[in-house]
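The values are calculated or read from the model by the stated rules, or taken from the named source; none is laboratory data. Computed from a prediction, not measured in an experiment: that's the story for all the values here. Note that we place each Cβ from the backbone using ideal geometry, even for glycine, and neighbour counts take in every protein chain shown.
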Amino acid sequence: MRLGDVFHRFEIDKQAHFFAGSTIAFAVGTISNLVVGYLVAIFLAGAKELYDDKSRTGTPDRKDFIVTIFGGTLATGWLIGIELYKYLK
């Protein structure tokens, strides 16, 4: 099974949330530090769902929040792996 096959099982909205969380955590984690990148991804995931709820312009969804955090977690784990590799090299 290819990785692309796994992503096709999820609706496009969940894929977008996953990639947003991972991109935010990766970008901020690379520029700043890993903890800040992860926390920014969590904060923005919550802020987006809260905005959807209060503004009534979107559909707030707990699953979107969780999937966004999962993307941030995966990216942060990837960055930790890179740092460990550099340290142990």
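For the range 34-65, what are the residues that are more than 13 Å from residue 20 (Cβ to Cβ) and of a type in the set (Val, Ile, Thr)?
Residues satisfying the conditions are 35, 36, 57, 59.
For the subset of the range 41-88 comprising residues that are closer than 26 Å to residue 31 by Cα and basic (Lys, Arg), which member is modelled with the highest pLDDT?
The qualifying residue modelled with the highest pLDDT is 48.
Kindly indicate whether any position in the range 1-8 is at pLDDT 95 or above and either among the charged types (D, E, K, R) or touching a helix residue (DSSP H, G or I) at 6+ places or on another chain (Cβ under 9 Å) (or both).
The answer is no, given that none of the residues of the range 1-8 is at pLDDT 95 or above and either among the charged types (D, E, K, R) or touching a helix residue (DSSP H, G or I) at 6+ places or on another chain (Cβ under 9 Å) (or both).
Could you grab the pairs with beta carbons closer than 8 Å, sequence gap of 6+ or different chains, first residue in the range 25-52 and assigned to a helix (DSSP H, G or I), second one of a type in the set (Asp, Glu) and modelled with pLDDT of 95 or more?
45/64; 48/64; 49/64
Considering each residue of the range 33-66, count those that are among the polar types (S, T, N, Q) and under 12 Å from residue 76 (Cβ atoms), and give that number.
The total comes to 1.
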